[in-house]
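Below you'll find the structure, written out as structure tokens, and then a few comments.
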Amino acid sequence: MKPLIEIKKLTKVYDSGEVQVQALKGINLSIMSGEFVAIMGASGSGKSTMMNILGCLDTPTSGDYLLDGVDIKKMNRDELAEFRNHKLGFVFQSFNLLSRTSVLDNVMLPLLYNKHIPETERMQRCHKAIDMLGLTSRAKHHSNQLSGGQQQRVAIARSLVGNPLVILADEPTGNLDTQTSIEVMKIFQDLNAQGITIVLVTHEPDIAEFTKRKVVFKDGHIISDEPVVSPL
């Protein structure tokens, strides 16, 4: 079976005037369909750069990134945007919701850019995701009327409606208290149990314990890659 995500000898160099910063230094990484992976590391370790490349928000300087067998570097900007919208779901630390917009409309957003999905199917997908995240009674509320945990549930529902191959979650518990963080991570565990591939960036070891595999970055290298022995 081929990996869903395959990265070979990947480098990323940022050129800021006279100084070149090598953020990633020849990374090799494979992620199979159905995995739940935590990417960890201190600030400046390369984990955020790795996440941006995985999300097709940035391109490598050299090396290969194949997602579902497709070579990312062979796409132009428009092709990347469409590929990203069809294949990836995103969850961010700051939720990235439209504040004076209903839960339903926030969840609908990724589908507005997909002209191949009829309006009736869009509504069905949105209501299914909202129901799955326990937000049915809040569907008409504006996102700024919700708690932080509820807002992150909306963000997770939004990440699901496009039926993505992978959900990329960037510090998804960073703005949440401990109990709410546990609830959100259990949602991710449930989604992963349904077969959804999840890659999550976190600097918190206790959050990484909810995943199945930890990949640790330091100074642009992967220094460890091991299974989580006893996930919570």
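Just so you know, all these numbers are worked out from the coordinates, no wet-lab data involved. Quantities reported herein were computed from a predicted structural model and do not represent experimental measurements. Cβ placement follows ideal geometry from the backbone for every residue including glycine, while neighbour counts extend to all protein chains displayed.
For segment 149-232, please list each of the strands (runs of 3 or more DSSP E) lying entirely inside it that holds at least 2 residues being within 16 Å of the chain's Cα centre (by Cα) and aliphatic (A, V, I, L, M).
Details: elements: 166-170, 197-201, 213-218, 221-227.
Qualifying strands (runs of 3 or more DSSP E): 166-170, 197-201.
Quick one: how many residues across segment 105-148 are hydrophobic (A, V, I, L, M, F, W, C), outside any helix (DSSP H, G or I) and out of contact with any Lys or Arg (no Cβ under 7 Å at 6 or more places or on another chain)?
Going residue by residue through segment 105-148, those that are hydrophobic (A, V, I, L, M, F, W, C) are 107-109, 111-112, 117, 123, 126, 129-130, 132-133, 135, 139, 146.
Filter once more, keeping what is outside any helix (DSSP H, G or I): 117, 133, 135, 139, 146.
Next, from what is left, pick out any that are out of contact with any Lys or Arg (no Cβ under 7 Å at 6 or more places or on another chain): 117, 139.
Qualifying residue count for the region: 2.
Would you mind listing the strands (runs of 3 or more DSSP E) fully within segment 2-75 where at least 1 residues are in contact with a helix residue (DSSP H, G or I) (Cβ under 8 Å, 6 or more places away or on another chain) and surrounded by fewer than 18 Cβ atoms within 10 Å (Cβ to Cβ)?
62-67
Do we have ASP170 as surrounded by fewer than 16 Cβ atoms within 10 Å (Cβ to Cβ) and either of a type outside the set (Ser, Thr, Tyr) or on the phi > 0 side of the Ramachandran plot (or both) here?
Values: surrounded by fewer than 16 Cβ atoms within 10 Å (Cβ to Cβ): no; either of a type outside the set (Ser, Thr, Tyr) or on the phi > 0 side of the Ramachandran plot (or both): yes.
Here the answer is no, as ASP170 does not meet what is asked.
Is it the case that some residue within segment 151-158 is surrounded by 15 or more Cβ atoms within 10 Å (Cβ to Cβ), free of Cβ contacts under 8 Å to residues at least 40 places away in the same chain and farther than 30 Å from LEU66 by Cα?
Keep residues of segment 151-158 that are surrounded by 15 or more Cβ atoms within 10 Å (Cβ to Cβ), which gives 151-158.
Restricting the remaining residues to those that are free of Cβ contacts under 8 Å to residues at least 40 places away in the same chain gives 153.
Restricting the remaining residues to those that are farther than 30 Å from LEU66 by Cα gives none.
No.
Run VAL229 past the list (1) farther than 27 Å from VAL13 by Cα; (2) surrounded by 13 or more Cβ atoms within 10 Å (Cβ to Cβ); (3) among the hydrophobic types (A, V, I, L, M, F, W, C) and report the number of the one that doesn't hold.
If we test VAL229 against (1) farther than 27 Å from VAL13 by Cα; (2) surrounded by 13 or more Cβ atoms within 10 Å (Cβ to Cβ); (3) among the hydrophobic types (A, V, I, L, M, F, W, C), just (2) comes out false.
Of the residues that make up segment 54-62, is at least one more than 25 Å from GLU171 (Cβ to Cβ), of a type outside the set (Asp, Glu) and in contact (Cβ under 8 Å) with a residue 12 or more places away in the chain? Write out each step before concluding.
Residues of segment 54-62 more than 25 Å from GLU171 (Cβ to Cβ): 62.
From what's left, of a type outside the set (Asp, Glu): 62.
Retained after the next criterion (residues that are in contact (Cβ under 8 Å) with a residue 12 or more places away in the chain): 62.
Among the residues of segment 54-62, at least one is more than 25 Å from GLU171 (Cβ to Cβ), of a type outside the set (Asp, Glu) and in contact (Cβ under 8 Å) with a residue 12 or more places away in the chain, which makes the answer yes.
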